Ligand code: SF4
Ligand code: SF4
């Protein structure tokens, strides 16, 4: 999932400036799973904003809605009835994709309430960790299912570097060395010989350098 976290409250307060009425849009997708942008978080943020502005003597009116997903035109249509003339701006609790989908669809000022962090997963309640750098050409079959781009602090494709000590990374002693993890896993599966092959330079053109990428599935496309 995409993992995001709320911007500091006072930053959000500043970003809505002097708006009198705002539409706060949550997302029921990834950001609801990582407890930062779902229906509950929308309600909590809306009431905190209203209380803060009331204390300032500058009351704020909020309209709240949570879409099943903000990254899908089908659900974006549900917003039409909420984006009315008197809405000064839209505050999105979606990830950066959701914010942009709203901005592309509606002629209103859109503000992100979250910082979108990474593609990752839950490792314990309240803890999420990055796992994939979205490189566009997965090589996990060569590294035992452990991503060297993300799990190695230097994203080395032919590791480890000379700094790995006692299974920990030289960049941060609290981090497992990604290449130690890869070595241990390859050893367990009797595939250490694969690590003797030098991995050639990666084709980063399949990654995010060079403009937004696109996936087109002819089998499901409706033209
Ligand atoms: S190799 Fe690329 S696609 Fe595969 S997990 Fe790592 S960053 Fe993600
Ligand atoms: S110590 Fe391990 S994880 Fe850290 S940079 Fe070197 S190879 Fe990568």
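Any read-out appearing in this document is the output of simple, stated calculations on the displayed coordinates, not a laboratory observation. All of these numbers come straight from a predicted model, not from anything done at the bench. Note that we place each Cβ from the backbone using ideal geometry, even for glycine, and neighbour counts take in every protein chain shown.
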Review point. So what is the relative contact order for region 133-205, in percent, with contacts set as C-alpha pairs under 8 Å and at least six apart?
Key: 29
Point to revise | Value of relative contact order over region 1-110, rounded to a whole percent, pairs C-alpha under 8 Å and six or more apart | key: 33
Point to revise | region 133-205: mean projected area of Cα convex hull, nm² | key: 4.9
**Study point:** Protection proxy ranking, peptides 147-155, 172-180, 127-135, average beta carbon neighbours within 10 Å, highest first
**Key:** 147-155, 172-180, 127-135
Exercise for review: Pull out the extension gain between residue 134 and residue 122, defined as 0.36 nm times the separation in residues minus the alpha carbon to alpha carbon distance; nm, one decimal.
Suggested key: 2.6 nm
Review point. Label residue 33 and residue 63 with points 7 Å out from Cα along Cα→Cβ: what is the distance between them in nm?
Key: 3.1
Point to revise | region 177-209 and region 53-117: distance between their alpha carbon centers, rounded to Å | key: 42
Check your understanding: What is the Rg over Rh value, at two decimals, for region 1-94, using alpha-carbon atoms and the Kirkwood definition of Rh?
Key -> 0.96
Point to revise | Normalised per residue, the volume of the convex hull around the Cα set of region 1-49 (Å³) | key: 71
Revision key, fill the gap. Inverse of <1/r> over all distinct C-alpha pairs of region 67-223, i.e. the Kirkwood Rh in Å, gives 19.1
Revision key, fill the gap. To the nearest 0.05, the calculated FRET efficiency linking residue 157 and residue 205 through their beta-carbon distance, R0 being 22 Å, is 0.90
